[in-house]
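The values are calculated or read from the model by the stated rules, or taken from the named source; none is laboratory data. For clarity, every value in this text was computed on a predicted model and none was experimentally measured. Note that each Cβ is placed from the backbone with ideal geometry, even for glycine, and that neighbours are counted across all protein chains shown.
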Amino acid sequence: MKNVSLDVYKGEVLALVGENGAGKSTLIKVLAGMHQPDSGEESKIIIDGKQVCIMNTIDASSLGINILYQELATVENLSVAENMFLGREIITKLGFTNKGLMIKKSGELLKSLNMDIDPTAQVSTLSIGQQQMIEIAKAISHNSQIIVMDEPTASLSYKETRTLINLIFDLKKKGIGIIYISHRLEEIFEIANRVTVLRDGQSVGTMDIAQATTEKLVKMMVDRELSEMYCKTKSFTQNDVVLEVKNLGQDLKRSEHGLHIENINFKLHKGEILGFSGLVGSGRTEIMQLIFGAFPHVGEIYIDGKKVNIKGPNDAIKCGIGFATEDRKNQGLILGMSVRANFSLTFLERIAKFGFIDKIQERKLCSNYIDSLKIKTPSQEQIARNLSGGNQQKIVIAKWIARYPKVLIVDEPTRGIDVGAKAEVHQLLTELAAQGIGIIMVSSELPEIMAMSDRIIIIKDSKVAGELNRCDATQEAIMKLAAIGEGSEKSLKH
């Protein structure tokens, strides 16, 4: 990061955008006191007109700067009140923690922020959105002047996102300055007053939100036109059916998972990208998990016209199904392992001889995929945790491609990655479809689902609410089906 300048006014939202690696995280760490600027006297941090020195997070907090990181810092086995006062507990004269007073003060603060959260509840029982709200309330309780929010809606439902946005408007009225980092440009246009763009560690420019357009911001971020972001331009030519699902549902007698899925029917053709849309919690991911054998199911699954018996993920993999999950950090990757070790996890039996891994073949295959997918890593021995979100996502997809699947399920394939990395993932999916792989893409982003899908199936309350052709799909039509259900739009069957 070099010569980055920005200013934040009281009661405004300054959006900070840029690709992964543009310098956003480094800037946050400087403000938090985790990194020290190394440009001598030229580097200055000024708060309320006075130059300050931030040596650590305690300095930052005392100056009114609080950071809400994308990875939540709540302690799940403690109560809401205990989390709110973590590190600054109220102590009685006898030296005991005054839990009653902490609960009272927490409850008063939560109520003043219109947060319907029980201060005595254990954090592990709350949703991700509620935990995010607790982090915000905690920051406010520190008398924050500036709150930095790093991808705050990445894991939130639509309802939780609306609650957060309404809260941000309230914080602006209280005079709190907010630095808002997000890859979701539609949120930025709704809540920001100004936007600063970073690229390659430098500030490209700052503008009032009224002057900004999606096209202008994308061009500034990646030096590429918006038209290049979604690259699915070829029309799909209907081929043979590669996957057919008939009356799929969970087996209630054998499943302990709280699903309510039944009578799911659809077909996927070779070379087709079939989009699955719907509101968060509609059951999209759970349907994919059933197909992949994560839970016992009833109904029938056919691959290339032949009925298959999938009792678990191993059976699904043997049938030619790959599944890149939405939670790449907990389910898609082992973050403490190398790129090479993560890459080869799905096909160890192919590169093992007499129980030992053929390291030469493993490294050769890994190198080929790093080159072909343009995975940015110092080496294949780099720990996966240290890569950007976009490159982590490419590894998740790469390990399934290496098995030459007939069907590839990708759940939220571009969540939390920047527009440049999104374009590369879209290009990859387009190329895989062109090779004849049937792709199911689950996505919460309507522009993505509309631009990349040949057909779109909309899910509501764990049921198919309707199906739209690419040419008939509009945001209004999809949202009507997602919110109201079958009958709100004509369902086009294939």
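If I filter the stretch 349-358 down to residues being loosely packed, with under 12 Cβ neighbours inside 10 Å and at pLDDT below 85, which single residue comes out as nearest to V242 (Cα to Cα)? Ranking the candidates gives E349 first. Any residue in the stretch 122-150 that is under 16 Å from D170 (Cα atoms) sitting within a Cβ distance under 7 Å of a residue that is surrounded by 16 or more Cβ atoms within 10 Å (Cβ to Cβ) and among the small types (G, A, S)? List the pairs, counting only those 6 or more apart or interchain. Listed by first residue and then by second, the contacts come to N143/G64; S144/G64; Q145/G64; Q145/G177; I146/G64; I146/G177; I147/A139.
Scanning the stretch 88-102 for residues that are surrounded by 12 or more Cβ atoms within 10 Å (Cβ to Cβ) and either touching a residue at least 24 places away in the same chain (Cβ under 8 Å) or of a type in the set (S, T, Y) (or both) turns up just one, T97. Restricting the stretch 468-485 to residues that are of a type in the set (G, A, S) and more than 15 Å from L274 (Cβ to Cβ), the residue that is modelled with the lowest pLDDT is G485.
Just for the stretch 40-63: of the residues that are without any contact (Cβ under 8 Å) to a residue 60 or more places away in the chain and buried (at least 20 other Cβ atoms within 10 Å of the Cβ), which one is farthest from the chain's Cα centre (by Cα)? Among those that are without any contact (Cβ under 8 Å) to a residue 60 or more places away in the chain and buried (at least 20 other Cβ atoms within 10 Å of the Cβ), it is I54.
Of everything in the stretch 315-342 that's touching a residue at least 60 places away in the same chain (Cβ under 8 Å) and of a type in the set (D, E, K, R), which residue is farthest from S444 (Cα to Cα)? Looking at residues that are touching a residue at least 60 places away in the same chain (Cβ under 8 Å) and of a type in the set (D, E, K, R), I get K329. Please verify whether the stretch 98-108 includes one or more residues that are out of contact with any Asp or Glu (no Cβ under 6 Å at 6 or more places or on another chain) and in a loop (DSSP other than H, G, I, E, B). So far as the stretch 98-108 goes, yes, one or more of its residues are out of contact with any Asp or Glu (no Cβ under 6 Å at 6 or more places or on another chain) and in a loop (DSSP other than H, G, I, E, B).
Is it the case that some residue within the stretch 178-188 is in contact with a Lys or Arg (Cβ under 6 Å, 6 or more places away or on another chain), surrounded by fewer than 18 Cβ atoms within 10 Å (Cβ to Cβ) and in a strand (DSSP E or B)? Checked against the condition, which is being in contact with a Lys or Arg (Cβ under 6 Å, 6 or more places away or on another chain), surrounded by fewer than 18 Cβ atoms within 10 Å (Cβ to Cβ) and in a strand (DSSP E or B), the stretch 178-188 yields no hits at all. Scanning the stretch 223-238 turns up no residue that is out of contact with any His (no Cβ under 9 Å at 6 or more places or on another chain) and at pLDDT 90 or above.
Counting the residues of the stretch 161-200 that are hydrophobic (A, V, I, L, M, F, W, C), closer than 17 Å to I140 by Cβ and out of contact with any strand residue (DSSP E or B) (no Cβ under 7 Å at 6 or more places or on another chain) gives 4. Of all residues in the stretch 109-123, those satisfying the criterion of being among the charged types (D, E, K, R) and either under 17 Å from T74 (Cβ atoms) or assigned to a helix (DSSP H, G or I) (or both) are K111, D118.
Would you list the strands (runs of 3 or more DSSP E) that sit entirely within the stretch 250-348 and hold 1 or more residues that are of a type in the set (G, A, S) and surrounded by 16 or more Cβ atoms within 10 Å (Cβ to Cβ)?
Where strands (runs of 3 or more DSSP E) fall fully within the stretch 250-348 and carry at least 1 residues being of a type in the set (G, A, S) and surrounded by 16 or more Cβ atoms within 10 Å (Cβ to Cβ), they are 273-277, 297-303, 321-324.
Only one entry in N77, N66 is buried (at least 20 other Cβ atoms within 10 Å of the Cβ) and out of contact with any Phe, Trp or Tyr (no Cβ under 7 Å at 6 or more places or on another chain), namely N66. Candidates are the residues of the stretch 388-419 that are of a type in the set (V, I, T) and within 14 Å of E19 (Cα to Cα); the one that is modelled with the highest pLDDT is T414.
Taking the stretch 378-401 as the range and being over 15 Å from the mean Cα position of the chain (by Cα) and among the basic types (K, R) as the test, the residues that pass are R385, K399. Among the residues of the stretch 356-385, those that are assigned to a helix (DSSP H, G or I), within 11 Å of R340 (Cβ to Cβ) and hydroxyl-bearing (S, T, Y) comprise S367, Y369.
Determine, yes or no, whether I303 is closer than 20 Å to W400 by Cα and touching a Gly at 6+ places or on another chain (Cβ under 7 Å). Yes.
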